[in-house]
1. Quick check: residue separation of B:Leu93 and B:Glu204 times 0.36 nm, minus the Cα distance between them. What number comes out in nm?
2. Sum -39500 (n - 2.57) across every DSSP H segment of at least 4 residues in chain B, then divide by the residue count to get the 222 nm mean residue ellipticity, nearest 500.
3. Name the long-range amide H neighbours of B:Ile156: under 5 Å, sequence gap of 5 or more, or other chain; modelled H, no Pro or chain starts.
4. Kindly identify region B:192-312 as rounded, prolate or oblate by the Cα gyration tensor criterion: order the square roots of the eigenvalues as a ≥ b ≥ c, call it rounded if a/c is under 1.5, otherwise compare a/b with b/c, prolate if a/b is larger, else oblate.
5. Loop only by DSSP, 14 or fewer other Cβ within 10 Å of the Cβ. Give me the GluC sites (Glu not before Pro) in region B:106-190 that pass, ordered by residue number.
6. Which trypsin sites (Lys or Arg not before Pro) in region B:1-78 sit in a loop by DSSP (not H, G, I, E or B) and have at most 14 other Cβ atoms within 10 Å of their own Cβ?
7. Within 10 Å of each Cβ in peptide A:44-57, how many partner chain Cβ atoms are there on average? Round it to a whole number, please.
8. Expressed as cubic angstrom per residue, what is the convex hull volume of the alpha carbon set of region B:60-177?
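The values are calculated or read from the model by the stated rules, or taken from the named source; none is laboratory data. All values derive from a computational prediction rather than experimental measurement. Cβ atoms come from the backbone with ideal geometry, glycine included; neighbour counts cover every protein chain shown. Quick note on the areas: whole protein, heavy atoms, side chains included, nothing else; ligands and nucleic acids left out. Shrake-Rupley method; radii C 1.70, N 1.55, O 1.52, S 1.80 Å.
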Amino acid sequence: MGFRKNMTEALELPKEIMLNLPLISFIGREEVSIENYKGILEYGEETVRVSTATGILRLTGSGLCIKQLSAECLVVTGKVEKMEFLQ
Amino acid sequence: MALWYYLRGYVRIRAKGFSAERFMNMAAYRGVYLWDVVQAGAGMTMKAAGGSLDILEACAEKTGCTIEVLGWGGLPYFLGRFRKRQVWAAGLLLFAAGLYLLSSFIWTVEVEGNERLGEEEILSFCGEMGLKPGVWKRNVDTEDITNKLLENFADISWVSVGIRGTDATIKLAETIEKVELVDQETPCDMVASADGVILQITAERGTPLVMAGDVVQKGDVLISSELTIGLEGEEQHTEYTGAEGAVTARIWQRLTEEMPLQYEEVLYSGVEKENHSLIFSEKELDIIHPNGDGEWEKTVLEETPLSLGDFTLPLKWKKEIWKACETVEKERTVEEAKSLLEENLRKKAENLLSAYGKIENIEIKFEEYADCVRAEAEITMAERIEKKQLRTQEKERENADGI
């Protein structure tokens, strides 16, 4: 893993592909899109837990809603208050 | 993406169970696109592509969830509803057909580029040729009309008849105006246009036949076109020219007028109301009509053609002012009637005058009757009486015979 990381950094290759890491983008605080995720663990209006390669990602807020869900990309909308990595 | 799924049709489902998240993961992994996932009570509702319901059911079975179809949406479903609403669909088709039908008529005809030629003249000619509001667009032969316009109007040097949408536009260019040449060659005489006594005669060309003080009758030759060339005593011959000159004469004219002693006068009460109506070609549809009895004097304020953007409709909006009035019978004295008559006659006499004329004297005689006054005026005026008259072939022959 160490070699792969070093090589990716040295060649400036996109990490989310080479290292299978999630790419998380925020639009303000009302929309979060998570690419390269593994799966949804929990979905509720206040919490969404998503499993990714770097650990479990937890979004906390109110009125959360999954706007899009496909194998590659997950888009959550609503009022996001907190994002944290567990483990 | 959302538009694509709207066009393809989608299904709204509710998933219930302990592991609804697992169900969603599995569905996403199998390539089903899910959107608008919202928590609703114990389960959650979501939308999925309409064709993927089989996969979703398989996923639900494996993960131990129950799914429930809430409804269908999207374009196929929207169109599917018309199977039940046949009249509605027929109306939609009828509307489209009506739109097509109405747009295949000529609605307005416009003329552009005319300065000397009257628009009415061109429009009425085009109407005869079959280009007027209300005709079938396909029956209009623009090339034929273009040619006929060029043939019939000498003043048009270039014309194009174009139909765009429901508007026909006639664009034209006029020829350069002809300078009116004074014809000096064609033999013509100056004759009297009225009886009178000559006051003054100036001949520019031709031989004057009368002198100041002469009494002439209508039709008499004043300035002749005959010119006698050659010195006296030698052999002379006659040439003809276009006579030109000014002849002023004293002429008399008689005018009569009557004025009844009883007359009607219109009194306004000051009440005004507006009337609006819609005009479609010649027919008028009174929409906003003021109520109220009695007599009204109607004055048209404006007529506005209605249009939708650039598209002129054959409709006009007419605005009228209605003034409340009352007709009252009145009587005037003989003296009043006489002064009014004199005024009227003077005005009439002035209207008779040409730019060169002058009134010398007006003599008015009144006759009084029981219910009216009659006036007879004899007007003496100095007026130009010369009139050009072509020397006809016949006359020339006569002259030839005479020599």
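1. So the extension gain works out to 32.0 nm.
2. Details: 9 runs with 102 residues, N = 403.
Calculated from helices alone, the mean residue ellipticity at 222 nm is -7500 deg cm²/dmol.
3. Long-range HN contacts for B:Ile156: B:Thr175.
4. oblate
5. Numbers: sites: B:Glu110, B:Glu112, B:Glu115, B:Glu119, B:Glu120, B:Glu121, B:Glu128, B:Glu143, B:Glu151, B:Glu174, B:Glu177, B:Glu180, B:Glu185; in loops: B:Glu115, B:Glu177, B:Glu180, B:Glu185.
Answer in residue order: B:Glu115, B:Glu177, B:Glu180, B:Glu185.
6. On the way: sites: B:Arg8, B:Arg12, B:Arg14, B:Lys16, B:Arg22, B:Arg30, B:Lys47, B:Lys62; in loops: B:Arg30.
For trypsin sites (Lys or Arg not before Pro) across region B:1-78 that sit outside H, G, I, E and B with at most 14 neighbouring Cβ atoms in 10 Å, the list reads B:Arg30.
7. Values: counts 3, 4, 1, 0, 2, 1, 1, 1, 0, 0, 0, 0, 0, 0.
Other-chain Cβ atoms within 10 Å of each residue's Cβ, averaged: 1.
8. Values: hull volume 21.1 nm³, N = 118.
Dividing the Cα hull volume of region B:60-177 by its residue count gives 179 Å³.
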